[in-house]
Amino acid sequence: AYYVFTLPTLQLSLNLVTTALALALLLLVVPIYAARGDIRLQATGIRVDPGVSLHTAVLVALLLFVHAIRIAFVQAPALLYGTHGPLQGASLTDVTIVLPSLYVMAALLAIGCIAVLWGARRGVVVRTAGGVILGYVILAVVFTGIIPSVYQRLVVQPNELAREAPQIAHHIAA
């Protein structure tokens, strides 16, 4: 029931929340504060007034937290829907590399939420939020792209039948 009803509902709910937060941040909050002069471009970078800094930091932190929830409760379980050659479901690489990487990325995003809020308190919300988002993108490419590919190529493919035997047995039993 989780994969048929709960997972799609959770995914839809998280998509709606993400869309609402992103639209509020990009189409309402930032333009209004920029028009009022609370967000302005200076020679040293973007200057954000303290009250505005906290408001934007809360919205950015909420976006990051919603994405962390999406990774932990939607993307990780969705690995079972993966297609790998003739078989469907989680492969050895998914189970040993991708799944733990997704949970690490979700935890790091949750920590990034705290960092963004702390950056707002210190007056460096733009730099902190930019660093957290850039760090997440780099880690996502490394954790879910490069490392799984290298593991699949160097560890699994040389002896694929023996390595994938437990996953194949699960497929046959299902």
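Laboratory data are not the source of any read-out in this text; all were calculated from the coordinates shown. None of the values given here were measured: they were computed from a predicted structure. Quick reminder, even Gly has a Cβ in these numbers, built from the backbone with ideal geometry, and neighbours come from all protein chains shown.
When the chain is fully extended, how far beyond the present Cα-Cα distance does ALA34 get from LEU154, taking 0.36 nm per residue of separation?
Extra length available between ALA34 and LEU154 comes to 38.1 nm.
Rounded to the nearest 20 Debye, what is the dipole magnitude of the chain about its Cα centre when Lys and Arg each give +1 and Asp and Glu each give -1 at the C-beta?
Numbers: 9 positive and 5 negative charges, 118 e Å.
Dipole about the Cα centre, nearest 20: 560 debye.
Taking the 0 to 90 degree range and rounding to the nearest ten, how far is the long axis of helix 125-141 tilted relative to the main principal axis of the chain, both from C-alpha atoms?
10 degrees
How many Å³ per residue does the convex hull of the Cα positions in the stretch 120-174 occupy? Before the final figure, lay out the partial values.
On the way: hull volume 6.2 nm³, N = 55.
Convex hull volume per residue, Cα atoms: 113 Å³.
Take the alpha-carbon centre of the stretch 32-71, take the same for the stretch 97-133, and report the distance between them in whole Å.
After rounding, the separation between the Cα centres reads 14 Å.
How large is the Kirkwood hydrodynamic radius of the chain, in angstrom, based on all distinct alpha carbon pairs?
It works out to 18.4 Å.
Compute log10 of I(q)/I(0) for the stretch 40-94 with the Debye formula, placing one identical point scatterer on every Cα and leaving out solvent, at q = 0.18 Å⁻¹, to two decimals.
Each listed q corresponds, in turn, to -0.71.
Where is the GNM fluctuation largest for the chain (alpha-carbon springs, 10 angstrom cutoff): ILE97, ILE111, ILE32?
Looking only at ILE97, ILE111, ILE32, the largest GNM fluctuation is found for ILE32.
For the stretch 145-154, what does the Karplus curve 6.51 cos²θ - 1.76 cosθ + 1.60, with θ = phi - 60°, yield as ³J(HN,Hα) per residue in whole Hz, taken in order and with x for Gly and Pro?
Each residue's phi maps through the Karplus curve to give x, 6, 4, x, 5, 5, 4, 4, 6, 8 Hz.
Which of the listed residues, VAL60, TYR81, VAL126, is farthest toward the dipole's positive end in the chain, when Lys, Arg count +1 and Asp, Glu count -1 at the beta-carbon?
Towards the positive end, the residue furthest out is VAL126.
What's the percent breakdown of Cα-Cα distances in the stretch 63-162 across 5 Å bins, shortest bin first?
2, 13, 19, 20, 15, 11, 8, 5, 3, 2, 1, 0
Let me know the Rg and Dmax you get for the stretch 97-139 when you use only its Cα atoms, in Å.
11.3, 37
How large is the Kirkwood hydrodynamic radius of the stretch 1-89, counting all unique pairs of alpha carbons, in Å? Intermediate results must be reported in sequence, preceding the final value.
Working: mean 1/r = 0.0643 Å⁻¹.
Averaging 1/r across every pair of different Cα atoms and inverting gives 15.6 Å.
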